[in-house]
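Notes follow the structure.
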Amino acid sequence: MSNLKFRVRGKMPTQERIRTYYYSLRELMNYAILRGFIVESVDLYSSREDKNGMEVCENDIMAYNDEMGANDVGLVSYNDGFYLCGQNLKDLDMDYWEVIGNVHDDKSLLEVD
């Protein structure tokens, strides 16, 4: 359990701006409890990276685009494994997937025209 990594959005009580940090479970507990960090959201890291090398976490919104013109948008979810568009994330070829945001910052990215 100590190998878990989390993307945490929050701020210190003296700050106005929300920032994003990556912490292990131990770091998260120590920082949040001992320093009074105000947590806005916590997302589990999937151990996968998108086509640009960006770390993929639950609640990320990802876009699929390939050279044949196929495209899709999906939300990374966690339910005893990470899933995107109904498929297990570990089985997907990430060469065409890109993180374009997350539900905490911009849910509208999931809307279909």
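I'd like to know if segment 33-42 contains one or more residues that are more than 24 Å from residue 100 (Cα to Cα) and part of a loop (DSSP other than H, G, I, E, B). Taking every residue of segment 33-42 in turn, at least one turns out to be more than 24 Å from residue 100 (Cα to Cα) and part of a loop (DSSP other than H, G, I, E, B). Condition first: more than 29 Å from residue 83 (Cα to Cα), modelled with pLDDT of 90 or more and in contact with a strand residue (DSSP E or B) (Cβ under 9 Å, 6 or more places away or on another chain). Now tell me which residues in segment 16-48 satisfy that. Of everything in segment 16-48, just one residue is more than 29 Å from residue 83 (Cα to Cα), modelled with pLDDT of 90 or more and in contact with a strand residue (DSSP E or B) (Cβ under 9 Å, 6 or more places away or on another chain), namely 17.
Quick grid of which residues meet (1) among the aromatic types (Phe, Trp, Tyr); (2) in contact (Cβ under 8 Å) with a residue 40 or more places away in the chain; (3) in contact with a His (Cβ under 6 Å, 6 or more places away or on another chain); (4) closer than 18 Å to residue 104 by Cα:
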position	(1), (2), (3), (4)
31	yes, no, no, no
45	yes, yes, no, yes
51	no, yes, no, no
55	no, yes, no, yes
65	no, no, no, no
70	no, no, no, no
77	no, no, no, yes
89	no, yes, no, no
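Quickly run through segment 1-32 and pick out the residues that are part of a helix (DSSP H, G or I) and among the charged types (D, E, K, R). Can you show your working first?
Start the filter on segment 1-32 by keeping residues that are part of a helix (DSSP H, G or I), which leaves 25-32.
Passing the criteria: 26, 27.
Just to be sure before I move on: is residue 41 at positive phi, hydroxyl-bearing (Ser, Thr, Tyr) and surrounded by 13 or more Cβ atoms within 10 Å (Cβ to Cβ) in the structure I sent? No. Please state which of the following conditions residue 2 fails to meet, knowing it meets all the rest: (1) of a type in the set (Ser, Thr, Tyr); (2) at pLDDT 90 or above; (3) surrounded by fewer than 15 Cβ atoms within 10 Å (Cβ to Cβ). That leaves (2) as the condition not met.
The values are calculated or read from the model by the stated rules, or taken from the named source; none is laboratory data. Worth saying up front: this structure is predicted, and the values here are computed from it rather than measured. For neighbour counting, all protein chains shown are included, and Cβ atoms are generated from backbone atoms with ideal geometry for every residue, glycine included.
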